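Just so it is clear, none of the values below were taken in a lab; they were calculated from the coordinates. Fair warning: this is a prediction, and the values are worked out from it, not measured in the lab. Here the Cβ is made from the backbone with ideal geometry for all residues, glycine too, and neighbour counts use every protein chain on show.
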Amino acid sequence: MNLTGKRIIVTGSARGMGAATVRAYVKAGAQVIGMDVEDVAGIKVAVDASEVGPGTASYVHVDITSRSSVEVAFAEATKILGGLDALAHPAAIQRSSDAGDVSVEDWDLMFAINVRGTMLTNQVAYHAIKATGGGSIINFGSISGQRPEPGAAAYSASKGAVHSWTRTAAGTWGKDNIRVNAILPAMATPMYLEARARSTPEQNTISHWRNQVPIALGGVYGDPDRDLGPVMVFLASDASRFITGQLIPVDGGQTNVR
Ligand SMILES: NC(=O)c1ccc[n+]([C@@H]2O[C@H](COP(=O)([O-])OP(=O)(O)OC[C@H]3O[C@@H](n4cnc5c(N)ncnc54)[C@H](O)[C@@H]3O)[C@@H](O)[C@H]2O)c1
């Protein structure tokens, strides 16, 4: 699949799946703008990807919780790119919390970044992509939004909201030739490693049985460049032109979407 001529914004581009997505898109020939709050790492990802080519990447700062920040960053990116064909939106945070005592602060933080951030980036991208005649928006949900998640109450609820939003946006924007899907990944990234480091040995044992053992393809989390990148290219390309409103696990069989 070739993305030559495609103009794409990737949020959360400083590390993890966002960084892998920037690399995959540039390798497929696209013009990419990475965005994050972590500017030093974000610039390095873009520079390194551009050196490999054949596409190009540059970087623009964004805080996805802020409407003005998203509007300014997306306007700048769209101007640099000369239009917008796709948005890949992995940016999010994950924190532990218990349903019995999750704080308002934790709840609001998770919803500001994961849910409001998805609405704002999608909404602003929608208007830019519509102006170019259509394209693709790729959100990031989670198995946590599909099942009980005793260790991550607020995160789980926020990802459930991302799933609902994705279906609604797909249903609303299909008439404008804009597809909206969500990836449900299981990838070894900094977010995954930090969650493990925050957990007790007992919690990690539970997580091993709940999350790793069900991965039919090898029993370990995937590599974002090898296992996610090609899927991101497919979903940004015209090859996926008849797929919208779907929750798509890229997780080696960890979960099933019904
Ligand atoms: N890692 C997994 O296995 C896994 C499993 C299920 C779902 N997910 C989801 O996949 C997506 C990508 O996860 P990852 O593991 O690559 O995460 P990550 O933590 O490695 O990367 C997330 C990026 O988002 C950025 N970010 C955070 N807040 C931001 C803000 N306000 N504005 C702009 N950027 C911001 C961070 O700086 C970081 O670079 C997330 O939506 C996550 O919830 C991950």
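What to note about this one:
- Taking all Cα pairs closer than 8 Å and separated by 6 or more residues, the relative contact order of the chain comes to 20 percent.
- Whether the range 157-236 is rounded, prolate or oblate, judged on the alpha carbon gyration tensor where a/c under 1.5 counts as rounded: prolate
- Alpha-carbon spread of the range 117-258, three principal axes, descending order, Å: 51, 29, 27
- Shown for MET1, MET110: other C-beta atoms within 10 Å of each C-beta, ranked fewest to most, produce the order MET1, MET110.
- Candidate lysines for bridging to LYS79, where Cα separation is under 21 Å - those fewer than 8 sequence places away on the same chain excluded: LYS6, LYS130
- Cα-Cα pairs of the chain separated by more than 22 Å (percent): 51 percent
- For LYS44, neighbours were defined as the other residues whose beta-carbon sits under 14 Å from its Cβ, and their charges (Lys and Arg +1, Asp and Glu -1) total -3.
- Here the scattering of the range 75-177 is modelled by Debye summation over its C-alpha atoms, one equal scatterer each and no solvent; at q = 0.10, 0.24 Å⁻¹ the log10 of I(q)/I(0) is -0.32, -1.19.
- Residues LYS6, LYS79, ranked from the fewest to the most other C-beta atoms within 10 Å, line up as LYS79, LYS6.
- The value obtained for the range 119-199, namely the Cα convex hull volume divided by the number of residues, is 97 Å³ per residue.
- Look at the alpha carbon pairs under 8 Å that are at least 6 residues apart: their mean separation over the length of the range 75-192 gives a relative contact order of 32 percent.
- Here the residues PHE140, PHE242, PHE74, PHE111, ranked from fewest to most Cβ neighbours within 10 Å of their Cβ, fall in the order PHE242, PHE111, PHE140, PHE74.
- Note, ³J(HN,Hα) from phi for the range 41-50, Karplus 6.51, -1.76, 1.60, rounded to Hz, x at Gly and Pro: 5, x, 5, 4, 4, 5, 5, 4, 5, 5
- Cα gyration tensor category, rounded, prolate or oblate, for the range 107-157 with a/c compared to 1.5: oblate
- Max mean-square fluctuation residue, GNM over the chain, Cα-Cα springs under 10 Å, options ALA24, ALA49, ALA195: ALA195
- Local charge for ALA216 was computed over the other residues whose Cβ lies under 14 Å away, with Lys and Arg +1 and Asp and Glu -1, and equals -2.
- GLY135 sits among other residues whose Cβ lies under 11 Å from its own Cβ, and their net charge, with Lys and Arg +1 and Asp and Glu -1, is +2.
- The chain - charge dipole about Cα centre, Lys and Arg +1 at Cβ, Asp and Glu -1, debye rounded to 20: 780 debye
- Scattering profile of the range 201-258 at q = 0.19, 0.21, 0.31 Å⁻¹ [log10 I(q)/I(0), Debye over alpha-carbon scatterers]: -0.79, -0.89, -1.19
- Working from the Cα coordinates of the range 17-106, the gyration tensor eigenvalues give, after taking √(5λ), semi-axes of 29, 16, 11 Å in decreasing order.
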